[in-house]
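Every read-out reported here was derived from the displayed coordinates using simple, explicitly stated rules and does not represent laboratory data. Remember, it's a predicted structure, so these values are computed and weren't measured experimentally. All Cβ positions, glycine included, derive from the backbone under ideal geometry; neighbour counts span all protein chains shown.
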Amino acid sequence: MSDLSEDVFAISPNIRYVAVAHGQQVQTRSRPDVRNGGISESELYEELLVVPTLLTLATRRGNIDCGGLRYLIVAYGHFEMLVIPTSAGHIGVGFEVGANPADYLPTILSVIADHGQPAI
């Protein structure tokens, strides 16, 4: 059985980081050759605090009259983050600057579904 993070990394060399969060349990992986990457503690706080807060706010807004929330893209200075809510938490995929995360969305959603964690 293949690993979700490995399958997401296999999509493109532009993917530099993958996080899989189920509530307070978070698994993160970065490519070993990533420059300007966050430290692991920083990544953990991102996934435990920042991402769930952004998802809560955007989901509540989306549910009012926008048809819900499908995903978020956060553009930081050193990378861009695609965040996909799942029934158990979220999947975060970090990209090199200049890669358009939305271009990879259908493939990432397919990989997530293949691993039994369909997006909501």
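Below 14 angstrom from the Cβ of H115, what's the summed charge of the other residues (Lys, Arg +1; Asp, Glu -1)? Walk me through the intermediate numbers first.
Details: positive: none; negative: D3, E6, D7, D114.
Summing Lys/Arg as +1 and Asp/Glu as -1 gives -4.
In the elastic network of the chain, a GNM with C-alpha springs shorter than 10 Å, the most mobile of L82, L57, L109 is L57. Ranked for footprinting exposure by Cβ neighbours inside 10 Å, fewest first, T86, T28 give T86, T28. The amide H of R16, built 1.01 Å from its N in the peptide plane, has G94, F95, E96 as neighbours under 5 Å, considering only residues 5 or more places off or on other chains. The sum of -39500 (n - 2.57) across all DSSP H runs of n ≥ 4, divided by the residue count of the chain, sets its helix-only mean residue ellipticity at 222 nm to -10000 deg cm²/dmol.
Working note: Debye formula, equal point scatterers on the alpha-carbon atoms of the chain, no solvent; log10 I(q)/I(0) at q = 0.12, 0.13, 0.23 Å⁻¹ is -0.39, -0.46, -1.54. A simple count of charges around F95, restricted to other residues whose Cβ falls under 10 Å of its Cβ and scoring Lys, Arg +1 and Asp, Glu -1, yields -2.
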